[in-house]
Amino acid sequence: AAPTDYQAENATISQGLVESNHAGYTGSGFVNYDNLVGSYVEWTVTAPAGPADVTLRYANGTTASRPLDFTVNGVAGAVGITFPGTGAWTTWQTKTVRLTLAAGTNTIRARATTADGGPNADKLTVNPTSDDTQPPS
Ligand code: GCU
C-alpha cells in the first residue's frame, strides 16, 4: 500500500473546529483543538495488518508543547507524543509515530492531554512500513 493522506477536516472531531485562517495547510483547512484535556481528532484509515509510520502535519504557534496520545481501535498506541512550538501558526511541521494497525479499517485517535489542547492539525499520513522494503519497480 502506498502512503495515504487523510485530512483532519474530514475526520471525526470531538471538541475542535475546522478553520482556515492560518495559511499553509493542505486540503480545505485544519482542525483547531479546543484548549482542554480530551479534545480529539479521529481518523478512519485503511491499511494492511502490521506496523505503519503515521505522520501528523501540525502547527503550534506557542512555545509550549501540545502533547497528544494516539490510540488505535481504542487501544493506546503511542502516548505522550510531544508537538513542540513550530514558531508560528502558519509554520507547519511533521511528527511521525509508529503504530500497529489491523487489516482493513482502523480508527486512529489523537487526543490532547493538557489544558492547552492539541496543536492545529492539518492531516495524517499513513505509510505501512512494508513499503520500506519493497524493491524498486
Ligand atoms: C490561536 C490560533 C488558533 C489556535 C489557538 C490555540 O487562537 O489562532 O489557530 O488553535 O490559538 O492556542 O489553540
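Based on C-alpha pairs under 8 angstrom that are at least 6 apart in sequence, the chain has a relative contact order of 37 percent.
Each Lys and Arg adds +1 at its Cβ and each Asp and Glu adds -1 at its Cβ; summed about the Cα centre, the stretch 29-137 shows a dipole of about 80 debye.
Using C-alpha pairs below 8 Å separated by at least 6 residues, the relative contact order for the stretch 62-137 is 36 percent. Applied to the stretch 32-43, the Karplus parametrisation 6.51 cos²θ - 1.76 cosθ + 1.60 on θ = phi - 60° returns per-residue 3J(HN,Hα) values of 9, 4, 4, 7, 6, 5, x, 5, 8, 10, 10, 9 Hz, with x for Gly and Pro. Database remark: amide H of Gly77 closer than 5 angstrom to the amide H of Phe70, Thr71, Val72 (H placed geometrically; neighbours at sequence offset of 5 or more, or on other chains; Pro and chain starts carry no H).
Please identify which residues in the stretch 65-96 have an amide N closer than 18 Å to a label point set 7 Å out from the Cα of Ala102, following the Cα→Cβ vector. Within reach of a label on Ala102: 70-78. Spin-label pair Thr94-Asp53: with each label point 7 Å from Cα along the Cα-Cβ axis, the two points sit 0.8 nm from one another. With the simple spin-label model, which puts each label point 7 Å out from Cα in the Cβ direction, the Asn10 to Leu36 separation comes to 2.9 nm. By the gyration tensor of its Cα atoms, with a ≥ b ≥ c the square roots of the eigenvalues, what is the shape of the stretch 64-137: rounded for a/c under 1.5, prolate for a/b over b/c, or oblate? Oblate, since a/c reaches 1.5 and b/c is not below a/b.
Here, each number is a calculation from the coordinates, and none is a lab measurement. Keep in mind that what you see is a predicted model, and the values were worked out from it rather than measured. Backbone-built Cβ (ideal geometry, glycine too); neighbour counts: all protein chains shown.
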